[in-house]
Amino acid sequence: RAFICPEIQGAHLKHWRFWGALRTDLLDRAIPWVLLLLERDRITRPAGLNLRRGEPVKIALVCAALVLLLIAVVSPRQDLVLAAAFALVAVVVSNLGMYRWFARLRGGLFALAVVPFNLLYYALSGVAVLGGLALHLMRGRRVPASAVHHAIG
């Protein structure tokens, strides 16, 4: 049996490079985690371990902003760029407490440098949800009724 005990902390003594860390986080952590949540019908009511309330909304806002920016590149529309910027600003504002913590810990420039990586985290989380859902369906499994009900509203 495995237990989640957030009081225990450890460090992975690895020499990370950006792309390797990204690949590892997405393929070896995020997508398998989504698969596990789907298989256990926990996708709409996660508990603990980096799945706090509000996070799915932030993921949706960042992914929507990226889609809007891609569309704006093809059909230059300022309203789409403004909508994307508004979505990204909303996510940044919602995380001001975390950025303040980084600023106290490592300084203002470091906190500013965290912002794009934080937005990338949300984008990768969206990719992980879509990738995990696609793998789940390709394996012939059904999407839990609670997830469908949650998505519809």
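The values are calculated or read from the model by the stated rules, or taken from the named source; none is laboratory data. All of these numbers come straight from a predicted model, not from anything done at the bench. Note that each Cβ is placed from the backbone with ideal geometry, even for glycine, and that neighbours are counted across all protein chains shown. Just the protein is used for accessible areas: all its heavy atoms, side chains included, with ligands, DNA and RNA removed. Shrake-Rupley method; radii C 1.70, N 1.55, O 1.52, S 1.80 Å.
I want to verify a result. In a Gaussian network model of the chain, Cα cutoff 10 Å, which of these has the top mean-square fluctuation: LEU135, LEU13, LEU120? Ranking LEU135, LEU13, LEU120 by mean-square fluctuation puts LEU13 first.
Taking chymotrypsin sites (Phe, Trp or Tyr not before Pro) in DSSP loop states with no more than 11 other Cβ atoms inside 10 Å as exposed sites, the chain has its longest site-free stretch at 17-153. Top mean-square fluctuation among ILE71, ILE31, ILE59, Gaussian network model of the chain, C-alpha springs under 10 Å? Top of the fluctuation ranking is ILE71.
Taking trypsin sites (Lys or Arg not before Pro) across region 57-138, the ones in a DSSP loop with at most 15 further Cβ atoms lying within 10 angstrom of their Cβ are ARG77. Solvent-accessible surface of the chain, taken per residue with a 1.4 Å probe and all protein chains present: 73 Å². About its Cα centre, region 1-146 has a charge dipole of approximately 300 debye under the convention of +1 per Lys or Arg Cβ and -1 per Asp or Glu Cβ, with nothing else charged.
Membrane-span-like helices in the chain, defined purely by DSSP H runs whose alpha carbon atoms cover 20 Å or more axially and whose average Kyte-Doolittle hydropathy reaches -1.0, are 55-74, 78-94, 108-138. Averaging the sequence gap over all C-alpha pairs within less than 8 Å and six or more residues apart, then dividing by the number of residues, gives the chain a relative contact order of 33 percent. Computed over the chain, the per-residue total of -39500 (n - 2.57) for DSSP H runs of n ≥ 4 gives a 222 nm mean residue ellipticity of -21500 deg cm²/dmol, rounded to 500.
The calculated FRET efficiency for the pair GLN78 and ALA21, based on their C-beta separation and a Förster distance of 35 Å, comes to about 0.50. Which log10 I(q)/I(0) values, to two decimals, does the chain give at q = 0.18 Å⁻¹ under the Debye formula with one point per Cα? Values returned for q = 0.18 Å⁻¹ are -1.35.
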